[in-house]
Structure formats: C-alpha cells, structure tokens
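Report on the following structure.
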Amino acid sequence: MRHARRNVQRIARFAAIGGLVCGGLMVSHAVASETPDDPKAPNAETRAARTGQELVAELGTSRTAGSWIDAKGRPVVAVTDEEAAADVRGAGAVPKVVRYAMKDLRSATDTLKDAPKVAGTSWAMDYASNQVVVRADTTVSADEWDRLAKVAESLGKSVRMERIEGTFTPRVNGASPLFASAGRCSAGFNVTNGQANFILTAGHCGPVGTTWFSDQQGSQQVGATVSGSFPGGDFSLVQYSPGVDLSGADLVAVGNGEGIRIVGAADAAVGQKVFRSGSTTGLQSGEVTGLNATVNYPQGTVTGLIETTVCAEPGDSGGPMFADGLAMGVTSGGNGDCQSGGTTFFQPVTKALDSLGVKLVTEPGSGQAAPSSGSTGSANSGAGAEAPDTSSTAPGGAVLPGAGGGSVDTVPEGQSDSLSSALERIADFRSLGPGLFVIAGSLVALVALRIRSERGRRRYRNQYSQSWG
C-alpha cells in the first residue's frame, strides 16, 4: 500500500513539474509577442508581405511572377523553376511553380496598353492564377469587347477576360467636404517637403490652381492644388493656406472621434487586408487583389494602381488607404458601391511621394515646415476637410489640429489598426494569464505534495520508534 501511494505521489509530482514547464512556455510566448522594445513592429501580415516582396526583388523578374499572402497568412512566391522554389523555401516562404514569369505578364500588359483604348476597361496581374485579368464594365459595347478579346486571344492563356457590373469612374462628385467648384473629395495624408505643408489627395479631384474650402459656402479656405498627375497617375498636392500648424498631423480619422496613427509608408501586397477612410462611406475594409493595375476611365487612362475589394462611392476620392499604421494608397476610382460591393483602385502612396518629392509628416527626416505667417487659413482637413469630433459619423483623411471639432481619440503609437494584429495581441495577452495560473497551480501542487510527504515520513518514524521501544 505504501508503494502504491509513493507511485501516485511521483506521478503527481511529475505532472506538477510539467505544468511549470508549460506555464513558463505560455508566459514567455506572450511576453515575447509584446515586443516592448519596438512599439512600431509590424504585424505578421505586414512581415509576410515584406518577405514576399524581398524574395521577388532578389530572384528577379525572369524567375518570379509576383508574391501574395495566402489564407493562412503565409508569403507565397510564384517561381518558374525548382531552384528558385528551393530558395523561397529556404527563406521561410511558400513557392508556387508557374508557367509565366513576371516579364511575360508585363509584356502582355504592354500589348494591352498599345491597343486602342476602350473606356470602361481595366487590367491587373492576378499573381495567384499567373494571368493578366482584363475587365470590362457595362459601358463597353459588344464590338469593343470583341476587339479587346482578339488582342487577349493573341496573348494566349496569360490573359483572362471578365465582364463586371457597374461602371469604372473616379470617386468624386458635385455634392458636399474638400469643397471646390469641381466637386467634393477626401483628404489623404499630410505631407511636407520641409518648406511647406500639403495634403496628398487624388489628382482627378482638381487641376493645378483649384482652391479648396472646408465648407460648401466657400468661407473657410484650406489651400490650393499646386502639383499633380491625372491621367497617367492619380495624385496631387494641396498646399495649406498660411498659418496652419501640422503638429499631431500624423493621424487618419476613421469616425466616431477616433484616429489611426500613421507611422510610415509601404507598398501593398496581394492578399493583404487593408482599410480605407472617406467622407462619404466612412471606414471600410477589404483585400488587395492586384498590383500595377491599369484603368481606362472616361477622363483618361491611369496606370500602376492597386486593385482591391474595398468599396467606395463618390466623394471618397483621395481618401487614405492604410494597413498596420502604414500609408499605402489614396482612393482613385472603381465600380459598385458599399451596398452591393465592387472594385476600387488606389494610387500607391510610395510612387506619389517619390514623384512629388515629399514625405509623410511622420517619416524621419521629413523636415516638417513650421506654420507660415499671414492669414490664418482653416486647419480643417480629413474627409470633407473637417477633423471628426465625438459626434462625427463620417471619417476623414488626414487629421489636423484646431479643426473646430472635439478632440480626436487616437490609437497609441505602435498599436496596429489592423483587426488581425489586434486579435493576435489579444491572443498573446490571453496566454499570459492562463500561463501564470498554470505556474501558480503547479507550485501549489508541489508544495502540497512536499507537505504530504513530510507528514508521511513523520508518521512512519513515530510508528517505527514506538515498535522499537
């Protein structure tokens, strides 16, 4: 009987020690996930995007055909040979051997670009299917479709044709906030060249010289468009009126008096979840489905765009697209609406910044300009040029202080705007509590076993001493 009790005690002791080990692992994982030394550390999806992009750049366009993030959040790289596949595996990514290299897909898009332009069409590279997808909206006639189909057929299986509902149009309208005679747009991001401060927004919103106001009556001037590109690209700079101070201008308003802090700029990746904020439809989310897209708007052709499933409506033009606190695009145009869904295209922020010679106000070395003297223009910005207050339902783009509304609650620096990264952090903190609980329980069990063992020894000694006596 005594031996049986000892065996039970040994098993219990080993279980308690195992609990200590498991609890320690849970706590160490949670603490490691907090990354306290790097509050701006990117989330898993952003890291996966960077891994894929770096591998494509390293292997070159003759051996790869783009990268994307799969449903499990892993970076996938399209490769044309097994040697490249081995390199991708060695870097911790997933290879997919495909028929066409990036140079082949680019050759197909060049052929489409040289064909007669058809308004209402677009094309973008679908990396996962290893094809260029050509889409035509409802304004494209049967004859125009047939002409385009012949061009696609000449390129073989590297091109796929699709019909879509709705029409491809820039998302600007003549309703109501940035206000100008051309209509209404949304501000994107605050930028600077170190000497002056600007709003980065869409180029189709208005040509150089367009004056923008924060109210429909035109009494509060925000600034004027001083540079831009449309068609070709779709970006522009609105220079702030004198007297505007951009302190705290690294925020993007998302409605309900809340804002997301922008900590830098990055290129989007196919499969990545992204967010968009605009003056008409507020905060919306979706997924990147294509890069280097071309859209033939009625007003002209725009190239090099980001294709997404995020919805948008008139008035959302120029609004910011972002993920994980990183600026990625400004709203250009698309089809559909936020009831039925649709496709929306974005001008990549990185290309616009390089072309215009400016930086986000949050970037190191941006040299944000001090407010100039003179008449005090409105500091309002964002969607419709007004920073949201606590009663605001329509988010804006760039948030400016002194906008006349209430305070804007911001996401703390380093806290991701991405829902997926938020869930990851919650999961990490949840493992911290149970881990500590397991450790505490195991320690209590070990102490109890020790006490029980000592009591057993004392009883045995007492009995033995009595029988001896």
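One residue is enough: does the stretch 346-357 have a residue meeting the conditions of a type in the set (Lys, Arg), in a strand (DSSP E or B) and either open to solvent by 30 Å² or more (accessible area, probe 1.4 Å) or at pLDDT below 95 (or both)?
So far as the stretch 346-357 goes, no, none of its residues is of a type in the set (Lys, Arg), in a strand (DSSP E or B) and either open to solvent by 30 Å² or more (accessible area, probe 1.4 Å) or at pLDDT below 95 (or both).
Could you list, in sequence order, the residues of the stretch 68-98 that are touching a Phe, Trp or Tyr at 6+ places or on another chain (Cβ under 7 Å) and of a type outside the set (Val, Ile, Thr)?
Selection gives Trp68, Ala78.
Return yes when Leu291 is aliphatic (A, V, I, L, M), part of a strand (DSSP E or B), within 19 Å of Asp70 (Cα to Cα) and open to solvent by 10 Å² or more (accessible area, probe 1.4 Å) and no when it is not.
Yes, satisfied.
Which residues, taken from the stretch 131-147, are open to solvent by less than 10 Å² (accessible area, probe 1.4 Å) and either within 30 Å of Glu82 (Cβ to Cβ) or of a type outside the set (Val, Ile, Thr) (or both)?
Result: Val132, Val133, Ala136, Asp137.
Out of curiosity, is Phe235 under 27 Å from Gly342 (Cβ atoms) and either of a type outside the set (Phe, Trp, Tyr) or touching a strand residue (DSSP E or B) at 6+ places or on another chain (Cβ under 6 Å) (or both)?
Against the criterion (under 27 Å from Gly342 (Cβ atoms) and either of a type outside the set (Phe, Trp, Tyr) or touching a strand residue (DSSP E or B) at 6+ places or on another chain (Cβ under 6 Å) (or both)), Phe235 qualifies.
Which condition number in (1) at pLDDT below 90; (2) buried (at least 17 other Cβ atoms within 10 Å of the Cβ); (3) of a type in the set (A, V, I, L, M, F, W, C) is the one that Phe168 fails?
(1)
State all residues of the stretch 48-77 that are over 12 Å from Lys103 (Cβ atoms) and polar (S, T, N, Q); if no residue qualifies, say none.
Thr51, Gln53, Ser67 - these are the residues of the stretch 48-77 that are over 12 Å from Lys103 (Cβ atoms) and polar (S, T, N, Q).
Under the condition of being open to solvent by 40 Å² or more (accessible area, probe 1.4 Å) and not in a loop (DSSP other than H, G, I, E, B), which residue from the stretch 233-258 is modelled with the lowest pLDDT?
Here the residue is Glu258.
Name every residue in the stretch 259-277 that is in a loop (DSSP other than H, G, I, E, B) and of a type in the set (A, V, I, L, M), in order of residue number.
Ile262, Val263, Ala266, Ala268, Ala269 - these are the residues of the stretch 259-277 that are in a loop (DSSP other than H, G, I, E, B) and of a type in the set (A, V, I, L, M).
Filter the stretch 62-111 down to the residues that are in a helix (DSSP H, G or I) and hydroxyl-bearing (Ser, Thr, Tyr), then identify the one that is surrounded by the most Cβ atoms within 10 Å (Cβ to Cβ).
Thr109
The values are calculated or read from the model by the stated rules, or taken from the named source; none is laboratory data. Quantities reported herein were computed from a predicted structural model and do not represent experimental measurements. Counting neighbours? That spans all protein chains shown, and the Cβs are built from the backbone with ideal geometry, glycine included. To get the accessible areas, we keep the full protein, side chains included, count just its heavy atoms, and leave off ligands, DNA and RNA. Shrake-Rupley method; radii C 1.70, N 1.55, O 1.52, S 1.80 Å.
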